[in-house]
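What follows is one structure encoded as structure tokens, with my remarks underneath.
The values are calculated or read from the model by the stated rules, or taken from the named source; none is laboratory data. Quick caveat, the model's predicted, so the values are computed rather than measured. Virtual Cβ from ideal backbone geometry, glycine too; neighbours counted across all protein chains shown.
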Amino acid sequence: MLALEKIVASFIMPPGLFILLLLVLTLYLFKKSDSGLIKLLTVFLLLFFFFLSTAFGVQLLLHPLENYAEQISVNAFESYPIVVLGGGLNYYSETEAKPSVHSLQRLVKGYQLHRRLNTPLIYSGGVAIGQDKISEADAAGELLQSLGMDLEFYISEDQAQSTFENAAYLKRWIEENEVEKVYLVTSAYHILRSAAVFEAQNIDFLAVHSGFISDHQFSWLDYLPNRGALTANLSAIHEWVGLAWYYFRGRI
């Protein structure tokens, strides 16, 4: 009975509802339209949206990114500075903003490493485009202080607005302080692009991923349309497009 409820729920809530509507539209056009192109387009949209909303997409788009992160991620033992890359803010007002889920995950991992190694933690993240107050680094510092971190160990990089700028601004600090190597902490799906950018900037780093954003062991329910798969696949597409863009811009 519970399994049946899950199946029904997957098609009466987005994104399953949208797929169901696309299916109805496709059947209608096959009956009413004489255009082969329109029929082909609607079938493509139906299959593509189903792909993005299920584990089929996660396996093809997200897992290669996160598996790469798992392969190069290390356990931190040496006392190198810890670099945490910003993952966005949730703005509540002009004077209040909190780290996003991705940023929070990265911060927690960075703070765990700091507690173990007792080395400086650098958080890189500026003010979001479209906002004019509160940088990611400011919000991260407040959170770390609330967790009990001594801010003497905290270094704020509050200018970067992209992964490329993360590396560019951090390179200045690394060179000024003659740092040999850093731990690079970011989400697993983000490590491939981050690693490529940091390598291009000749920054010596050890990658540490802060966690996955989707299952790697699926049940049959994951092959039904679900919001988690759609969110994960959109994040993966963002990374693949970002990699291509950086490659053509000569940044990696």
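Table for the structure above
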quantity: Residue satisfying condition, being in contact with a Leu (Cβ under 7 Å, 6 or more places away or on another chain) and either touching a residue at least 60 places away in the same chain (Cβ under 8 Å) or among the polar types (S, T, N, Q) (or both), within set Val74, Val108; calculated: Val74
quantity: Total residues in the range 211-252, condition closer than 22 Å to Ala168 by Cβ and assigned to a loop (DSSP other than H, G, I, E, B); calculated: 4
quantity: Which numbered condition Pro14 fails, given (1) at pLDDT below 95; (2) part of a helix (DSSP H, G or I); (3) under 15 Å from Gly228 (Cβ atoms); calculated: (2)
quantity: Any hit, the range 73-80, residues being over 22 Å from the mean Cα position of the chain (by Cα) and modelled with pLDDT of 95 or more; calculated: yes
quantity: Where Phe56 falls short, out of the listed (1) assigned by TED's automatic domain parsing to the domain that holds Asp158; (2) in a helix (DSSP H, G or I); calculated: (1)
quantity: Residue list for the range 215-252, filter: more than 27 Å from Glu165 (Cα to Cα) and hydroxyl-bearing (Ser, Thr, Tyr); calculated: Ser219, Tyr223
quantity: Residues that are without any contact (Cβ under 8 Å) to a residue 24 or more places away in the chain and either surrounded by 15 or more Cβ atoms within 10 Å (Cβ to Cβ) or within 28 Å of the chain's Cα centre (by Cα) (or both), drawn from the range 5-19; calculated: Ala9, Ile12, Leu17
quantity: Output for the range 170-186, where each listed residue is over 20 Å from the mean Cα position of the chain (by Cα) and not aromatic (Phe, Trp, Tyr); calculated: Lys171, Arg172, Ile174, Glu175, Glu176, Asn177, Glu178, Val179, Glu180, Lys181, Val182
quantity: Any hit, the range 94-103, residues being in a strand (DSSP E or B), surrounded by fewer than 14 Cβ atoms within 10 Å (Cβ to Cβ), modelled with pLDDT under 95 and in the same structural domain as Leu170 (by TED's automatic domain parsing); calculated: yes
quantity: Leading residue by the ranking (farthest from the chain's Cα centre (by Cα)) among those in the range 151-169 that are aromatic (Phe, Trp, Tyr) and assigned to a helix (DSSP H, G or I); calculated: Phe153
quantity: Given (1) closer than 20 Å to Ala160 by Cα; (2) touching a helix residue (DSSP H, G or I) at 6+ places or on another chain (Cβ under 6 Å); (3) small (Gly, Ala, Ser); (4) part of a helix (DSSP H, G or I), index of the condition Gly87 fails; calculated: (4)
quantity: Any hit, the range 172-180, residues being within 19 Å of Val101 (Cβ to Cβ), in contact (Cβ under 8 Å) with a residue 12 or more places away in the chain, of a type in the set (Phe, Trp, Tyr) and assigned to a helix (DSSP H, G or I); calculated: no
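This table checks each residue for (1) at pLDDT 95 or above; (2) within 15 Å of Thr231 (Cβ to Cβ).
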residue: Ala9; (1), (2): no, no
residue: Leu29; (1), (2): no, no
residue: Ile38; (1), (2): no, no
residue: Phe48; (1), (2): yes, no
residue: Thr54; (1), (2): yes, yes
residue: Gly57; (1), (2): yes, yes
residue: Leu62; (1), (2): yes, yes
residue: Leu65; (1), (2): yes, yes
residue: Ala69; (1), (2): yes, no
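Residue-wise test of (1) surrounded by 15 or more Cβ atoms within 10 Å (Cβ to Cβ); (2) on the phi > 0 side of the Ramachandran plot; (3) in a helix (DSSP H, G or I).
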{"site": "Leu60", "(1), (2), (3)": "no, no, yes"}
{"site": "Tyr92", "(1), (2), (3)": "no, no, no"}
{"site": "Lys109", "(1), (2), (3)": "yes, no, yes"}
{"site": "Gln112", "(1), (2), (3)": "yes, no, yes"}
{"site": "Arg115", "(1), (2), (3)": "no, no, yes"}
